[in-house]
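Enquirer: This is the structure I want to talk about, given as structure tokens.
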Amino acid sequence: MSPEMNHKEQEEILDSLRGMKRATAPEFFYTRLRARMEQELESSVIGRFGRLLTRPALSLGLAAIILLLNITTIMKMVQQPDGAPETSAPIAIAGYSSIDTYPVYDDITSEP
Amino acid sequence: MTEQDLIQQLRSGDELAFKQLVEGCQDMVYNTALSIVHDASDAEDVAQEVFIQVYRSIDQFKGDSRLSTWIYRITVTKSLDLIRSRKRKKRFAFITSLFGPDNEVLHDPVNFHHPGVVLDQKEQAAILFRLIDQLPENQKTAFILLKSEELSYQEIAQVMDLSVSAVESLLFRARQNLRKLLESQGGQKRK
């Protein structure tokens, strides 16, 4: 390969982008873009909520509040007022939660 | 619709204005990204990220340049980020292959053929794109904006936030470096 020829080849390579046309974006580019944007929006909402829960201070605080509420409720139920009749814990919980054994069938008059 | 109207509508979250912007600029963004990243799928990813950023940060666009200049700037930044991340992954894969049992050989990507190149110049253009990849980032950006997008020196200067003389200097050095790389390749071939 002669040096002149080499130089000519080099110039051809350096000018090979002359007259190059613009590449066109793939079909349905906008549709795919919108789909990605919606997907990212959804994952960012879930991600933000997840990140909040994974913060140790916040999750420990929430757990402490729930535990404290439970303890207070149980303490209230277990501590009997002086004049009140003594009831067992399950009955007290049932009374507190309005879960009662209402005698539905007692009201039904027996058919002749 | 003037550019100012379009920007106002984009700021107010108008979907139709966004669609109009995407359809008007998608080829410009895709072509620039493709010329830098040399892969159609990656270029589409970059182009999508560019428009997502435009949609999210249109309020930050000060309007001291044309909207297309701002979009070019985002495209170049995102494309170069992708190349950097590829290089990091490649380095990491090399290191892990040294220590791990997986001795996978790392291949350089095959020749890139830009779809817009004239058919009889495809081989030369593939060589040129491979050499452009070896240029420093700023020289590569200026050269691609000039050759692939046919921007003027003034426009390249605005996109790269440089003076016109700085762009001229970058392009001069880019051509010099490309010549050197070609000579060294020619020398290697002769050996």
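The values are calculated or read from the model by the stated rules, or taken from the named source; none is laboratory data. Treat the numbers as computed from the prediction; the structure is a model and nothing was measured. Positions of Cβ are generated from backbone atoms using ideal geometry, with glycine treated the same way; all protein chains shown enter the neighbour counts.
Enquirer: If you take just the helices (runs of 4 or more DSSP H) that sit entirely in the range B:2-85, which of them hold at least 2 residues that are small (Gly, Ala, Ser) and crowded, with 19+ Cβ neighbours inside 10 Å?
Expert: The qualifying helices (runs of 4 or more DSSP H) are B:15-37, B:40-56.
Enquirer: Mind listing whichever residues of the range B:12-71 are out of contact with any Asp or Glu (no Cβ under 8 Å at 6 or more places or on another chain), of a type in the set (Lys, Arg) and modelled with pLDDT under 95?
Expert: Within the range B:12-71, B:56, B:62 meet the criteria.
Enquirer: Oh, and also: Using the structure shown, decide if residue B:159 is within 15 Å of the chain's Cα centre (by Cα) and of a type in the set (A, V, I, L, M).
Expert: Yes: the conditions hold for residue B:159.
Enquirer: Kindly state which helices (runs of 4 or more DSSP H) lie completely within the range A:32-112 and contain at least 3 residues that are modelled with pLDDT under 75.
Expert: A:89-96, A:104-107
Enquirer: Continuing with this model, one more query. Return the residues of the range B:115-126 that are surrounded by fewer than 19 Cβ atoms within 10 Å (Cβ to Cβ), facing another protein chain (nearest Cβ under 8 Å) and of a type in the set (A, V, I, L, M); say none if nothing qualifies.
Expert: The one that is surrounded by fewer than 19 Cβ atoms within 10 Å (Cβ to Cβ), facing another protein chain (nearest Cβ under 8 Å) and of a type in the set (A, V, I, L, M): B:118.
Enquirer: Examine the range B:14-31 for a residue that is within 23 Å of residue B:143 (Cβ to Cβ), in contact (Cβ under 8 Å) with a residue 60 or more places away in the chain and within 14 Å of chain A (Cβ to nearest Cβ), and state whether such a residue exists.
Expert: Yes.
Enquirer: For the range B:46-70, which positions are within 13 Å of another protein chain (Cβ to nearest Cβ) and touching a residue at least 12 places away in the same chain (Cβ under 8 Å)?
Expert: Listed by number, the residues that qualify are B:46, B:47, B:49, B:50, B:51, B:53, B:54, B:55.
Enquirer: Can you find, within the range B:127-161, the residue that is surrounded by the fewest Cβ atoms within 10 Å (Cβ to Cβ) among those that are without any contact (Cβ under 8 Å) to a residue 60 or more places away in the chain and small (Gly, Ala, Ser)?
Expert: B:152
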